[in-house]
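Single-structure report; data block below.
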Amino acid sequence: MALLSTNPKKLARSAGVGETYVRDLLTGRSRNPTIDKLQKIAGALGCTVDDLERSFAEGAPESDLPSVVQSAPEGYAAVAFLSSRAGMGGGQMVDSSIYGEPKYFEESFIKHDLRASPADLIVVQVEGQSMEPMLQNGDTVIVDRRKNNVIEPGIFVLFDGDGVVCKWVERVHGAEEPTIRIKSENPRFSDYEVLAESCQIVGRVVWFARRL
């Protein structure tokens, strides 16, 4: 019995995994799915890995999971959306448990302009004034999760040990322990440094949109 009433081809394309793998997963033929692929599929569906695993239980109803990929218009793909706004505190690491309903973008934009697959990206909404005037409260950014190395300074979304933030990030050279410096665009906000081991770099900001 199928576990999810959705289009396997669209789901595979949105999650960045093989269509055969998705078909086996949805029909119960995949008995030992890998966690990395489950996380990609959960992100594309806007649910958690726990939601997926619960749906694998024998007799679980198909309605346990959202079928958002099924409703994607032709030529569009779902990109995971981080429901915790960048700039908010809360002390929560970034994983699929805080994903909201995915956002849809043209496949050609993702492939040609961003040179990525939907699974490489995550959408985040910026909150606060710390990155003004470059980024403003309410702006939407796309983060490339492949670009999580801060050797080259840039604007990143990261968990800084306290909350999810969108900031300028650079490596601190000469520090006794690996350390990163987190900076705001707005001079009213102070720079601060944190140990790299206490952070989680989500990825580099590669695109943003603003409501007029």
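The values are calculated or read from the model by the stated rules, or taken from the named source; none is laboratory data. Predicted model, so just to flag it, every value in this text is computed and none were measured. Because the Cβ atoms are built from the backbone with ideal geometry, glycine has one as well, and the counts that use them run over all protein chains shown. The accessibility values were calculated without ligands, DNA or RNA, using every heavy atom of the protein model including side chains. Shrake-Rupley method; radii C 1.70, N 1.55, O 1.52, S 1.80 Å.
Karplus-derived 3J(HN,Hα) values for the stretch 14-24, using 6.51 cos²θ - 1.76 cosθ + 1.60 with θ = phi - 60°, are 5, 8, x, 10, x, 5, 4, 4, 5, 4, 5 Hz; glycine and proline are entered as x.
With all protein chains present and a 1.4 Å probe, how do Glu197, Glu19 order by accessible area, largest first?
On the way: Glu197 150, Glu19 70 Å².
I get Glu197, Glu19, largest accessible area first.
Annotation for the stretch 104-188: trypsin sites (Lys or Arg not before Pro) lying in DSSP loop with at most 11 further Cβ atoms inside 10 Å of their Cβ are Arg115, Arg188.
Amide H contacts under 5 Å for Asn7: Gln70, restricted to partners 5 or more places along the chain or on a different chain, H placed in the peptide plane at 1.01 Å from N. For a 19 Å ceiling on Cα separation, which of these pairs sit above it: Lys9/Lys147; Lys37/Lys167; Lys10/Lys111; Lys9/Lys37; Lys40/Lys111? From the list (Lys9/Lys147; Lys37/Lys167; Lys10/Lys111; Lys9/Lys37; Lys40/Lys111), the Cα-Cα distance tops 19 Å for Lys9/Lys147; Lys37/Lys167. Solvent-accessible surface of the stretch 98-212, averaged per residue with a 1.4 angstrom probe and all protein chains in place: 54 square angstrom. Taking all protein chains as they are arranged and a probe of 1.4 Å, the heavy atoms of Tyr104 leave approximately 70 Å² accessible to solvent.
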